[in-house]
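The values are calculated or read from the model by the stated rules, or taken from the named source; none is laboratory data. Being a predicted model, the structure only gives us computed values, none of them experimental. Note that each Cβ is placed from the backbone with ideal geometry, even for glycine, and that neighbours are counted across all protein chains shown. Only protein heavy atoms, including side chains, enter the accessible area calculation; ligands, DNA and RNA are left aside. Shrake-Rupley method; radii C 1.70, N 1.55, O 1.52, S 1.80 Å.
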Amino acid sequence: MRRFLLVGLTGGIATGKSAVAAMLEGPGVRIVDADALAREVVEPGTPALTQIVSEFGHDVLRPDGRLDRARLGEVVFPDPARRKRLEAITHPAIRQRFEQIMADLERAGFEGLLFWDAALLVESGGNNKMDRVVVVTTDPATQLRRLMARDGCSEEAARARVASQMPLAVKARYGDYVIDNSGPREQTEARVREVHRSLLEDLRARQAPRR
């Protein structure tokens, strides 16, 4: 049995999930970013990139042979069927890479907290594979303001992007712990420390010898 706690970290767009991930970093913590793995598994020479080119054509490549993610997005996102085909290529590759990371940590005797930082954790059903789930939320007005400032988009466009996602109130129901990132940074940091302490207690309970 692995000695570390596998924790899903998720949240909606512009809720500050990346900021919370940065606050969680420290001794005994490993954070694996799903987006980073998604880029890693489609590097030149990988089987996933070969399959993507075979499925969607060489137009999705940049001149240097790397995947043009923006161009691929234009091809697949308007078409749910093509998006499903892309996911059928990338998701198994991402899962395999993450399982390799977990196996390496297990062999190394890691006994801390491993966070799987994934925006679509709940939507993909990945929350069911976690020991614990942490959901980062914020209030609707703050979410819109942050999104408009971050991406330079209009309020209408920001509202449309938020509406396309699972509502935060619904996503929060899947969390063992919820971090409200609506207020000042100090308030969020205090809540992160609380959640971190609770997760360490969960970890100790997992590691305790069974009678």
Per-residue HN-Hα couplings for region 98-115 [Karplus 6.51, -1.76, 1.60; θ = phi - 60°; Hz; x = Gly/Pro]: 5, 5, 5, 4, 4, 5, 5, 5, 5, 5, 7, x, 4, 10, x, 10, 10, 9
Let me have the 222 nm mean residue ellipticity of the chain computed from DSSP H runs of 4+ only, each contributing -39500 (n - 2.57), with the sum over all residues rounded to the nearest 500. -16500 deg cm²/dmol
Test of understanding: extend the Cα→C-beta vector of Cys153 to 7 Å, then name every residue of region 45-70 with backbone N under 17 Å from that spot. 70
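Evaluate the relative contact order of the chain (contact order divided by residue number), counting alpha-carbon pairs under 8 angstrom at least 6 apart; express in whole percent.
Details: 257 pairs, mean separation 78.7, N = 211.
Contact order relative to length: 37 percent.
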Size of region 161-211 along its principal axes in angstrom, Cα-based, largest extent first? 50, 26, 12
Given H placed on each backbone N at 1.01 Å, which residues far from Gly112 in sequence or on other chains put an amide H within less than 5 Å of it? Leu5
Specify, per residue and in Å³, the volume enclosed by the convex hull of the alpha carbon atoms belonging to region 74-158. 152 Å³
From the P(r) of region 94-211, can you give the percent of Cα pairs sitting at distances over 24 Å? 41 percent
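Looking at the chain, send over the antiparallel percent of its DSSP beta bridges, to the nearest 5. Could you put the intermediate results ahead of the total?
Numbers: 1 of 20 bridges.
Bridges in the chain that DSSP calls antiparallel: roughly 5 percent.
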Out of the GluC sites (Glu not before Pro) in region 56-150, which ones are loop residues according to DSSP with at most 16 other C-beta atoms within 10 Å? Glu111, Glu123
Per-residue accessible area, 1.4 Å probe, largest first, puts Asp180, Asp202 in the order Asp180, Asp202
With a Cα-only, solvent-free Debye model of the chain, what are the log10 I(q)/I(0) values at q = 0.09 Å⁻¹? -0.41
